[in-house]
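*Asks:* Dropping a structure here in structure tokens format, bear with me for questions.
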Amino acid sequence: MGLRTLCLAWRELNEIEYQDWSLMFKEANSTLVDREWRVAEVCQRLEHDLEILGVAAIEDRLQDGVPETIETLRKAGINFWMLTGDKQNTAIQIALSCNFVSPEPKGQLLLVNGKTEDDVCRNLERVLLTMRITKSEPKDVAFVIDGWALEIALKYYRKAFTELAILSRTAICCRVTPSQKAQLVELLKSCDYRTLAIGDGGNDVRMIQQADIGVGISGREGLQAARAADYSIGKFRFLKRLILVHGRYSYNRTAFLSQYSFYKSLLICFIQIFFSFVSGVSGTSLFNSVSLMAYNVFYTSIPVLVSVLDKDLSEKTVMQHPQILYYCQAGRLLNPTTFAGWFGRALFHAIVVFVITIHSYAFEKSELEEVSMVALSGCVWLQVFVVTLETNSFTKLQHLAIWGNLVVFYMINWIVSALPRSGMYTIMFRLCRQPSYWNTMFLIVAAGMGPVLALKYFRYTYRSSKINILQQAERLGGPILSLGNIEPQTRALDNDLAPLSISQSKNGRNSVFEPLLSDSPNAVRRSFGPGATFDFFQSQPKSSTYSRNKDN
């Protein structure tokens, strides 16, 4: 029935038996290595031949939206592991009720049990063989392992268990201790997964702290998990919005902010390098220290800070198409290639600003400060159009920050030019009265942004991504029924993971399939090889470790 049970039993102990056990219990409690495991072994010696008094059972009802949340996050390419202290049957029933594993015939459940090394090795061989066989089938395969078998597997068969962790998309670990939860998270991190651990009790604290991202649920279990986590939520269903909406927006904004800061700093540095060749490598700076400081603090920082409000897609679209999270998992917006693109843009814009400025004022009797101000103005104008071009959704605050920042640039320089001791006396006033200054700004913007606009048009028109398709659908107001197919990046096993020797059963029955969720005779085999196509964004994703206790 899936109820959480508690059995009450008793046994009479004589004083000698209790004294002997008490000494062992104190010794296990004072040990520094495997304390929880030693205490469990000592307790096992006492808990036998008990006379049952009664049993209590409570309904362990799931929170609203748990099955839907798990299903949506699976579409986003996230693997799930359930780490729980419940017994095996209870954990399996909970997993079935919350769509954690698929019922037959779509799903198959494999058990890894055993109290000895031989039993665990035999079960690992069987499960690994099944995983390799069903890897080419459209079947959801999950394995179940208890605390005893997990301890043996991590200690003696770590490489084989690591291979099993890479092959499986779903796992149920029952009767595990808090330290084992942390060990499993550490194991997944060693497989180059990005892990997210979510729990609601004090026994989940170590797991939450070990994961890359820790999420605590504040509820009946108290606030220990919420206080130790990076994020605290009230319900498990809020995890969907936390990952798909806030997590994705945060990744996009961080990617733009870091690369734009890299670009604007390189732009001014390249101009200084070009000027050093014109000045005979004399060490003379084209820009004074005040202009350099104001360039980073005032002229270029405000527009990009307001980019935290930018949204490439609406929240509704993101929730309807969770597969687009694949772009974040694959690092499409922040990688060496995108950094190289911003590097090339900074170099190209520096050449444009320097060449046009020098040729515009080389044959005039201009002061160095005038040439410096023209080059600085060209940089600021380019920054405005770059931020405008990279912004997906405009708000009043963003318009005010982008175009208002350009007005503030001229206001600050007019004020400084009015001060006789500033070193820039009357320079800005003279430049603004010259038509050649405004013609130079127009040439810089046209020459600098023309190729960038052409490349962006070519990419959006002829090499559009799934996100571009969704953006176009939002502008046109039409629904997206299908986003096409994409080739996933399959996860290769490490070379040092030596597979176990596989021993087949001598009898006629195939022993690799568990009877709980048997293989369907109507299942259609499908190849997921290099030449096969997948449904949209099916991939081997980053892992999410899910621990369920009480309400979760």
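*Asks:* Is it the case that some residue within the range 187-205 is small (Gly, Ala, Ser), touching a helix residue (DSSP H, G or I) at 6+ places or on another chain (Cβ under 8 Å) and over 23 Å from Phe238 (Cβ atoms)?
*Replies:* Scanning the range 187-205 turns up at least one residue that is small (Gly, Ala, Ser), touching a helix residue (DSSP H, G or I) at 6+ places or on another chain (Cβ under 8 Å) and over 23 Å from Phe238 (Cβ atoms).
*Asks:* Tell me, please, whether a residue that is at pLDDT 90 or above and of a type in the set (Val, Ile, Thr) can be found in the range 329-337.
*Replies:* The answer is yes, given that some residue of the range 329-337 is at pLDDT 90 or above and of a type in the set (Val, Ile, Thr).
*Asks:* Would the range 266-282 turn up any residue that is assigned to a loop (DSSP other than H, G, I, E, B), touching a Phe, Trp or Tyr at 6+ places or on another chain (Cβ under 8 Å) and at pLDDT 85 or above?
*Replies:* No, the conditions are met nowhere in the range 266-282.
*Asks:* On to the next question. Just to be sure I understand the filter: pairs with C-beta atoms under 8 Å, separated by 6 or more residues or on different chains, first member in the range 59-71 and among the basic types (Lys, Arg), second member open to solvent by 30 Å² or more (accessible area, probe 1.4 Å). Which pairs pass?
*Replies:* As it stands, the answer is Arg61/Asp551, since those pairs meet every condition given.
*Asks:* Residue by residue through the range 118-134, note down the ones that are over 13 Å from Gln108 (Cα atoms) and either open to solvent by 50 Å² or more (accessible area, probe 1.4 Å) or of a type in the set (Asp, Glu) (or both).
*Replies:* Those that are over 13 Å from Gln108 (Cα atoms) and either open to solvent by 50 Å² or more (accessible area, probe 1.4 Å) or of a type in the set (Asp, Glu) (or both): Asp118, Asp119, Arg122, Glu125, Arg132.
*Asks:* Suppose we filter Leu389, Leu443, Leu455 for residues that are under 18 Å from Tyr260 (Cβ atoms) and touching a helix residue (DSSP H, G or I) at 6+ places or on another chain (Cβ under 8 Å); which single one remains?
*Replies:* Within the list Leu389, Leu443, Leu455, the selection yields Leu389.
*Asks:* Under 6 Å between Cβ atoms, which residue pairs at least 6 apart in sequence (or on different chains) link something in the range 200-229 that is part of a helix (DSSP H, G or I) with a partner that is among the charged types (D, E, K, R)?
*Replies:* Between residues of the range 200-229 that are part of a helix (DSSP H, G or I) and residues that are among the charged types (D, E, K, R), the close pairs are Met207/Lys181; Gln210/Glu186; Ala225/Asp200; Ala225/Asp204.
*Asks:* All but one of (1) open to solvent by 10 Å² or more (accessible area, probe 1.4 Å); (2) at pLDDT 90 or above; (3) not in a strand (DSSP E or B) hold for Asp192; state the number of the condition that does not hold.
*Replies:* Failing condition for Asp192: (2).
*Asks:* A further question follows. Can you tell me which residue in the range 267-296 is nearest to the chain's Cα centre (by Cα), limited to those that are open to solvent by less than 60 Å² (accessible area, probe 1.4 Å) and under 19 Å from Thr388 (Cα atoms)?
*Replies:* Ranking the candidates gives Leu267 first.
*Asks:* For the range 230-239, name all the residues that are among the aromatic types (Phe, Trp, Tyr) and assigned to a helix (DSSP H, G or I).
*Replies:* Hit for the range 230-239 is Phe238, nothing else.
*Asks:* Right, something else. When you look at Tyr299, is it surrounded by 14 or more Cβ atoms within 10 Å (Cβ to Cβ), under 23 Å from Gly344 (Cβ atoms) and modelled with pLDDT of 90 or more, yes or no?
*Replies:* Answer is no for this residue.
*Asks:* Give just the number: which of (1) farther than 21 Å from Leu184 by Cβ; (2) in contact with a strand residue (DSSP E or B) (Cβ under 6 Å, 6 or more places away or on another chain); (3) surrounded by 13 or more Cβ atoms within 10 Å (Cβ to Cβ); (4) of a type in the set (A, V, I, L, M, F, W, C) does Leu110 not satisfy?
*Replies:* Condition (1) is where Leu110 drops out.
*Asks:* Filter the range 420-445 down to residues that are under 51 Å from the mean Cα position of the chain (by Cα) and of a type in the set (Ser, Thr, Tyr) and give me whichever is surrounded by the most Cβ atoms within 10 Å (Cβ to Cβ).
*Replies:* Applying the filter and picking the extreme gives Thr440.
*Asks:* Residues that are among the charged types (D, E, K, R) and out of contact with any Cys (no Cβ under 7 Å at 6 or more places or on another chain): does the range 74-84 have at least one?
*Replies:* Yes: the range 74-84 contains one or more residues that are among the charged types (D, E, K, R) and out of contact with any Cys (no Cβ under 7 Å at 6 or more places or on another chain).
*Asks:* Identify all residues within the range 9-24 that are in contact (Cβ under 8 Å) with a residue 40 or more places away in the chain and either among the small types (Gly, Ala, Ser) or open to solvent by 90 Å² or more (accessible area, probe 1.4 Å) (or both); write none if there are none.
*Replies:* Ala9, Trp10
*Asks:* Shifting gears a bit: For Asp230, which of the numbered conditions (1) under 22 Å from Cys98 (Cβ atoms); (2) open to solvent by 70 Å² or more (accessible area, probe 1.4 Å) fails to hold?
*Replies:* Answer for Asp230: the failing condition is (1).
*Asks:* Sticking with this structure for a sec: Which one is surrounded by the fewest Cβ atoms within 10 Å (Cβ to Cβ), of the residues in the range 155-173 that are farther than 15 Å from Arg132 by Cβ and of a type in the set (Val, Ile, Thr)?
*Replies:* That would be Thr170.
*Asks:* Let me ask something else. Using the structure shown, decide if Ser307 is over 18 Å from the mean Cα position of the chain (by Cα), open to solvent by less than 30 Å² (accessible area, probe 1.4 Å), closer than 24 Å to Ser372 by Cα and of a type in the set (S, T, N, Q).
*Replies:* No.
*Asks:* Have a look at Gln44, Gln19, Gln63 and point out the one that is farther than 30 Å from Gly331 by Cα, of a type in the set (S, T, N, Q) and within 33 Å of the chain's Cα centre (by Cα).
*Replies:* None of the other options fit; the residue is Gln63.
*Asks:* A further question follows. Go through the range 242-260 and give me each residue that's within 25 Å of Thr72 (Cα to Cα) and in contact with a Phe, Trp or Tyr (Cβ under 7 Å, 6 or more places away or on another chain).
*Replies:* Once the filter is applied, which keeps residues that are within 25 Å of Thr72 (Cα to Cα) and in contact with a Phe, Trp or Tyr (Cβ under 7 Å, 6 or more places away or on another chain), the range 242-260 yields only Leu242.
*Asks:* Also, quick follow-up: Could you please let me know if Arg38 is basic (Lys, Arg), within 25 Å of Ala182 (Cα to Cα) and at pLDDT below 90?
*Replies:* Yes; evaluated as a whole, the condition is true for this residue.
The values are calculated or read from the model by the stated rules, or taken from the named source; none is laboratory data. Not measured: the values here are computed from a predicted model. Positions of Cβ are backbone-derived with ideal geometry, glycine not excepted, and every protein chain shown enters the neighbour counts. Just the protein is used for accessible areas: all its heavy atoms, side chains included, with ligands, DNA and RNA removed. Shrake-Rupley method; radii C 1.70, N 1.55, O 1.52, S 1.80 Å.
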